[in-house]
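Coordinate-derived values only; no laboratory data. Because the structure is a prediction, the values reported are computed rather than measured. Here the Cβ is made from the backbone with ideal geometry for all residues, glycine too, and neighbour counts use every protein chain on show.
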Amino acid sequence: KKKKKHRSHLPTGNRFAFVPERMQRLFAPRLASLARHVRALHQDPCAPPAHHAFALTRRKVLTLQGPHSVAFLQNLVTCDVPPLVAAPADPEAEAIEVEPRLLYGHLLTGAGRVLADVFLYGSPAQPDLLYLDVDATLTEPVLRHLKKYKLRQKVVIAENDTLLPHCFINTTPKAAAAVVAGGLDPRHVVLPGGQLQRVLLSSSALSSEVTAAATAATAGVDSFLSQEEYDRLRLQLGLPEGPVDLPSEEALPLEANLDLLNGVSWTKGCYLGQELTARTHFKGVVRKRIVPLKPVQREGQSVQQLRDGIAQLQPGLDIYPLEALDNIKARVIGKTRTCIDGELLGLVRLSGTDPVLIQLADGSYLSAEKVIPQWMADKIE
């Protein structure tokens with residue numbers, strides 16, 4: 001009998017040589033993305049860690065300034081605002097420079113629906129000044145919402161075009177000379193190579209006229225990556241952001257994992273939209289949540305059909321249980337959200353069959369598995 005040749009499971013050439021060629025062609029964009037993140041996040045432990053920043057070009061900054069700014073926002077957002085600017089409890093620490101702080105939360109409508117997801121920046125050094133990081137397409141609706149409830153309160157609300165939101169990896173706000181405010185991402189999602197940090201950079205220190213290398217050096221990082229690269233990373237982590245993932249005045253905050261991402265306080269008292277959010281939480285029933293979905297090849301489906309299905313992915317597609325293949329009366333159990341080259345999020349029931357079926361525009365179905373991130377699995381068990 002001929003002995004079978006031993007095949008190494010770790011080829012020395014192409015790192016993806018063990019993947020069949022036709023599968024390499026199908027998943028080329030995802031493999032390339034994975035390789036980039038492996039290089040960025042899994043550095044040689046003997047080498048100095050790389051410092052990367054994502055330019056969040058789809059976000060805008062609003063400034064709230066005045067003696068009533070904290071109390072004003074406390075009545076409108078889901079998170080607890082006063083600790084953002086609270087003085088240190090230790091009197092001896094008052095002379096020490098206090099680091100900026102950061103919160104995550106939602107602005108809700110009176111019916112308890114999400115108006116916008118927001119990041120709040122502040123510091124005890126300037127307790128009357130707050131920065132609100134919102135999606136650029138929601139700037140006008142958020143401004144109208146804030147001014148509607150401002151009444152006679154002493155707070156000035158305005159757009160701030162001089163500050164640019166960025167996300168950092170493997171570095172701190174102190175490492176960037178251009179940082180105006182920022183801190184650890186309050187959602188507390190830990191990466192293999194470190195933690196995410198969100199900061200506001202001064203546009204005057206990051207002039208578009210200088211080279212990319214000089215700009216990165218000014219900010220204290222090795223390189224700037226694009227908004228699309230950031231979106232790919234957050235899709236893999238299962239982090240919803242913006243009106244595509246959280247349709248304005250439609251999405252429910254707990255279905256968007258607000259409670260799992262440290263974005264809501266259950267002890268702060270009343271705020272706009274609290275009734276539905278608190279009732280859902282204390283009843284303990286959240287049937288749907290936003291999770292990453294991974295397209296998979298269904299039995300009897302060709303690779304080309306899978307490739308064509310991935311190309312048709314878009315936000316807002318209906319998601320059905322697996323039984324929909326044999327039952328035309330099967331009910332919709334979710335909707336797709338942001339999709340980028342096969343990476344996607346979906347609002348879907350956590351219980352039930354897996355994989356699920358995504359109904360494409362041409363009426364065909366694409367199978368997808370629910371991928372529960374570790375940070376979510378630890379909190380919903």
Requested in this report: Give, rounded to the nearest 20 debye, the magnitude of the charge dipole that segment 329-381 has about its Cα centre when Lys and Arg contribute +1 at Cβ and Asp and Glu contribute -1 at Cβ.
Outcome: 360
Query - Members of 283/329; 294/379; 60/335; 154/268; 148/283 lying beyond 24 Å, as alpha-carbon distances in this model show - result: 283/329; 60/335; 148/283
Query raised in the report: Contour minus end-to-end for residue 299 and residue 137, with contour as 0.36 nm per residue of separation and end-to-end as the Cα-Cα distance?
Result: 54.2 nm
Report task. Tell me the label-point distance for the pair residue 65, residue 267, using the 7 Å Cα-to-Cβ offset, in nm and rounded to one decimal. Result -> 3.4
Requested in this report: Could you tell me what % of all Cα pairs in segment 265-381 have separations over 20 Å?
Outcome: 48
Report task. Pop out the ³J(HN,Hα) list for segment 306-321 in order, Karplus 6.51 cos²θ - 1.76 cosθ + 1.60 with θ = phi - 60°, rounded to Hz; leave Gly and Pro as x. Result -> 5, 4, 5, x, 4, 5, 8, 4, 7, x, x, 6, 6, 10, 10, x
Query raised in the report: Once the piece of chain linking residue 349 and residue 332 is laid out straight, how much longer is it, given 0.36 nm per residue of separation minus the C-alpha distance between them?
Result: 5.1 nm
